[in-house]
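As structure tokens, the structure follows; a few thoughts come after it.
What follows draws every value from the coordinates through simple rules; no lab data is involved. Computed from a predicted structure; not experimentally measured. Neighbour counts run over all protein chains shown; Cβ positions are idealised from the backbone, glycine included.
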Amino acid sequence: MDAQPTQAPGARADEREPAWHSLAADDIFQRLETRTEGLSTDEAARRRARFGPNALPEAASRHPLLRFLAQFNNTLIYFLLVSAVAAGVLGHQIDAAVIIAVVLINAIVGFAQEGKAEKALGAIRKMIAPHAAVWRDGTRTSLPVAELVPGDVVLVEAGDRVPADIRLVRARGLLVDEAMLTGESVSAQKHEAPVARDAPLGDRVSMAFSGTLVAAGQGRGVVVATGGRTEIGRISHLIESVEQMTTPLLRQMNRFGRRFTWVAFGGALLVFAFAVFVRDHDWTEALIAVVALAVGAIPEGLPAVITITLAIGVQRMARRNAIIRRLPAVETLGATSVICSDKTGTLTRNEMTARRIVTAGYTLLASGSGYDPAGTLTTAGGDDVVALDAAGPLLRCALLCNDAHLKPQGGGHVVNGDPMEGALVALAMKAGLDAEHVRAEWPRSDEIPFDAQYRYMASRHTAANGTTMVFVKGAPERVLAMCAYEATASGDAPLDIDQWTREIALAAAEGERILGFAALPTGAACERLTQADVEHGLTFLGLVGFIDPPRAEVIQAIAECHSAGIAVKMITGDHAATASAIAAQLGLADAGRVVVGAEIDATPDDQLTALAEATSVFARTSPEHKLRIVRALQADGAIVAMTGDGVNDAPALKQADVGIAMGRKGTEAAKEASEMVLLDENFVSIVAAVHEGRTVYDNIRKVISWTLPTNGGEVLTVVTAILLGFTMPMAAAQILWINLITSVTLGLALAFEPPEPDVMRRQPRPAAAPLLSPFLVWRILLVSVLFAAGGLAIFFFALGKGLPLDTARTMVVNAIVVFEISYLFSVRYLHMTSFTIRGLFGTPAVLAALVVVVLAQFAFTYLPLMQALFQTRPVALVDGLVIIGAGVALMVILEIEKAILRRTRLFGPDEP
């Protein structure tokens, strides 16, 4: 932390706090006015009163009642309540009760999902360790973490969670898992030496941060930040500062509801005035008719059907390892135009693989991935057998100077020990070595464990013939500095340091982590192996390059994203070279251009949008960087899905339109800040979820494309009769019957539609696209006119035959229902013809809805009870065939219209 909002002990009021990681240990003690024996109890109490407890601040929250009442503050909800009142006025208490139930269910679901930010902050608080080992008054003691203050001297060891941000003053073999903050899959090696002031978070090796986990070793440090001033505290502040985004569908529904309210009520008033003052209708009859029309026009079942459509999408996604935590996120996935993905574990396997062996004169490449010993070693030039023989000493060293073991599990292998050491065991097994046999032939007599201070491990082994060898592995530049010779096919030769430096640079440029290996024959084994025995005169055996390989299936998934117009961006805390190499293998666009965190810091907000859009790979990123990248992309209208697993990802996950947390290794803070959780942590599952999201949105469009035109057709039929002075072709109760029986059957059937074939070959829909697109407005007008023309034609056909008015109205109701069935079969395919075997026979949901509607219409027409309730009369067989023929004609007209629109692209390439 380069600056703290709270002053350190001894600092002047106008000073900014120092970059603790860049200061020497003596400076730390001096600035914080503490000592190696720790603070006194009295001084600690004074500082606690000044700085407060070492805990993250509680976020202010609204009263639950206010949160619940806020769920009703929505135009469409007002609209539904008006619908319920209208239905109640007309005596349709069942309709009114159903509408009220829909409103209450929506409110309860929204209320349950409202407290996401508070849960995210609560999950972060749980990551603070409960107790810490502290020096106070010169005595080591255990204190609750909340009592720590700046200047306290704390001790950490393997298994501890770091209790505060501490500047290390002593580190012995200290490895800290900082994945939750930096995203790095390998534990960070820590030491007490200061680092550069501008070092990114992942390179501040002299610091241990609150909430991270000590993987190995021991350390002592001085507390430099507590509570909200720690790195994890800054992240909690970022989460609080992020405003909850509204999904595109909810924004569109709100706009639609507001506009539809004015149109529906304005139209109802005009029709009422016309009927009373122009046509001299009785005002009570006119009012009942107009209220019935308003209820007919209001798509009261639309929110419920959309909710069900989203719920079906949730179930489908769950089968594809994507768990949706917030229902509208299903639809938002379908609009995603950018996926920002972490690298480790999502795009890659999160398994270190030894990929390259370099010896003097030969380079071998290993096939296979992860810890599975299946694979081969081959050389690009020369004889594989000769090259493998030359690599023998290195492989033996890698196997013996190694504490890891592989064990079969679930059809694969898992490593017990350090991941890189496990990868070395797998490499040796690929070369044909039996790990346990070699270790039995060369038993270990002593060792120097790896330490971050000297950056190597050494072990001494004695073979059955009495030969004693010391094997060393470690950071390549450190091991090279200990060597005088290099192993060649003809024996030891003077070390060519320049050549090995070039080999190291080549491997690093390809994103590999590198280890160097060396050996030293010794005489009789002394009692103890010391550093003095191994730090000079060694023979360098070669290098091994490691990589966390990309998932093979992700390459195809990224290609599918590109064909769907979705940009994929890698945002990782890893090094630029590693990120670039993985991106190139994955086929990310512009993989050679990598933007690092320092470059993001130097880019102002007004220029960051262009940089974010043009870049596919970001490396060495911090929580602020990820948050700024997401905001920059959203500023240009992008719908952003963001993956993450650590606490450091939580602010960006919350800011993104769709936050995607990892199921297995994800922290609770990341999950609570996300809309979706991946069970298999695989990028392919994200693409599958986008596929399902697009299918859901298609189905929502189909529901809307069916509901609004059919409602419009009912309304226009009656309005036309009123305007032209005709007898009403349908009674008010009959209009409500149509809505009741079709919206919960035919409209709902569209929620179960399978995806259309081209669903992932279209561009993402614009975030600002209106719910009523130009095509849908055209379709509402066309279908409404066709419905009205067909309904009135049937009405006058019946009257022309001399049939009674009740019979004519019964025929009109049946005709409207048949039209809605025909239109349902047409609207099932917005982007292709419905005249196919699959299109004509429908899905099980469509067929079930069809059976229910047909049976209901037979009851409506022929049952005496229904005839008494709705003033219906039986319809003759011939007249019924005329109605069915009119429905078939309607579908033919609509399919011709669909074909013309597909050919002319009148409404754009992504419209039917």
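Here are a few things to note about the model shown:
- Calculated on alpha-carbon atoms, Rg and Dmax of segment 353-547 in Å: 15.7, 47
- Leu155/Val386 FRET efficiency (R0 60 Å; Cβ-Cβ; nearest 0.05): 0.70
- Potential lengthening between Ala55 and Val414 on full extension [0.36 nm per residue; Cα-Cα distance subtracted]: 125.5 nm
- Segment 705-904: radius of gyration and largest Cα-Cα distance (Dmax), Å: 17.4, 55
- The modelled label-to-label distance between Arg902 and Ser367, using points 7 Å beyond Cα along the C-beta direction, is 4.5 nm.
- Under-5 Å amide H pairs with Arg873, H placed in peptide plane, nonlocal only: Thr810
- Net dipole in debye of segment 705-904 [+1 Lys, Arg Cβ; -1 Asp, Glu Cβ; about Cα centre; nearest 20]: 380 debye
- Residue separation of Val438 and Ala889 scaled by 0.36 nm, minus their Cα-Cα distance, works out to 154.1 nm of gained length.
- Segment 315-323 - phi-based ³J(HN,Hα) in whole Hz, Karplus 6.51/-1.76/1.60, Gly and Pro as x: 5, 5, 5, 4, 5, 10, 6, 10, 9
- Highest average first, the peptides 828-837, 543-552 ordered by how many other beta carbon atoms sit within 10 Å of their residues are 543-552, 828-837.
- Label point at Asp198 placed 7 Å out along Cα→Cβ; residues across segment 553-584 whose backbone nitrogen lies under 19 Å: 575-577
- Amide proton proximity set for Val205, modelled H, under 5 Å, gap of 5+: none
- Residue by residue, segment 37-42 carries 3J(HN,Hα) couplings of 7, x, 7, 7, 4, 5 Hz when phi is fed to the Karplus relation 6.51 cos²θ - 1.76 cosθ + 1.60 (θ = phi - 60°); x denotes Gly or Pro.
- Working note: Karplus 6.51/-1.76/1.60 with θ = phi - 60° gives segment 411-423 the couplings x, x, 10, 10, 9, 9, x, 5, x, 5, 5, x, 5 Hz, where Gly and Pro are set to x.
- Per-peptide packing, taken as the mean over residues of other Cβ atoms within 10 Å, places 308-314, 882-888, 645-651, 774-780 in the sequence 645-651, 308-314, 774-780, 882-888 from highest down.
- For Val617, the residues 5 or more places off, or on other chains, whose built amide H falls under 5 Å of its own are Met570, Val595.
- Mean separation of Cα contacts under 8 Å (6+ apart) over length of segment 501-576, as relative contact order %: 33 percent
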